[in-house]
Amino acid sequence: MIATFLSSLTLADEAATASLAANLAQRARPGDVITLAGPLGAGKTSFARFFIAALGVDDEVPSPTFTLVQTYEAASGLIWHFDLYRLTTPDEARELGLEEALIDGIVLIEWPDRLGSSLPRERLDVILAPGPAATARLATARPEPARPSLPGCSPCPAPTPKAGR
């Protein structure tokens, strides 16, 4: 899991969003799940595009709103980008290959609330919201399950991966 800690920040513009996405992308490894939550227009797909580009993917990165999932080959592994906005039940995600993606993919999930209790327990939640200016965004990143900050530990180490993962 991407080692991080609870933090909130204001992203002044698209370049700041790209910088945050690139920073997280460089830490991502196969088996990591990053959820992207926030209202319509908050910048979830833009964040995903920057993240995927930071991993060396030169392909166009369309919004998967209609295809529901897109995959991309990167040197660090297969990237799965899910947009679950149109799902009506968590079971529909299984048909998209979510279980396969969780085995060894780097997984980005927009609209993660659509998964309900099927949402992977170990993940990094990135919550985006409109910011104080038209181009600004508020971003909150938190690992789940939330790990407390420990003295002398910044960031705290990620939990030990489960066997078979």
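With a requirement of 2 or more residues that are closer than 23 Å to T135 by Cα and under 16 Å from the mean Cα position of the chain (by Cα), the helices (runs of 4 or more DSSP H) lying completely within the range 1-111 that satisfy it span 14-27, 44-54. Quick check: anything in the range 103-114 among the acidic types (D, E), crowded, with 19+ Cβ neighbours inside 10 Å and either out of contact with any helix residue (DSSP H, G or I) (no Cβ under 6 Å at 6 or more places or on another chain) or more than 20 Å from P143 (Cβ to Cβ) (or both)? No, that holds for no residue.
Against the test of being surrounded by 12 or more Cβ atoms within 10 Å (Cβ to Cβ), hydroxyl-bearing (S, T, Y) and at pLDDT below 95, the options S117, S63 yield a single qualifying residue, S63. In summary, G41 fulfils each of the numbered conditions (1) surrounded by 14 or more Cβ atoms within 10 Å (Cβ to Cβ); (2) closer than 17 Å to R86 by Cβ with the single exception of condition (1). Here A93 does not fit the description of being on the phi < 0 side of the Ramachandran plot, at pLDDT 90 or above and either among the aliphatic types (A, V, I, L, M) or in contact with a Lys or Arg (Cβ under 8 Å, 6 or more places away or on another chain) (or both).
The values are calculated or read from the model by the stated rules, or taken from the named source; none is laboratory data. Computed from a predicted structure; not experimentally measured. A quick note on method: Cβ atoms are made from the backbone with ideal geometry, for glycine too, and the neighbour counts reach across all protein chains shown.
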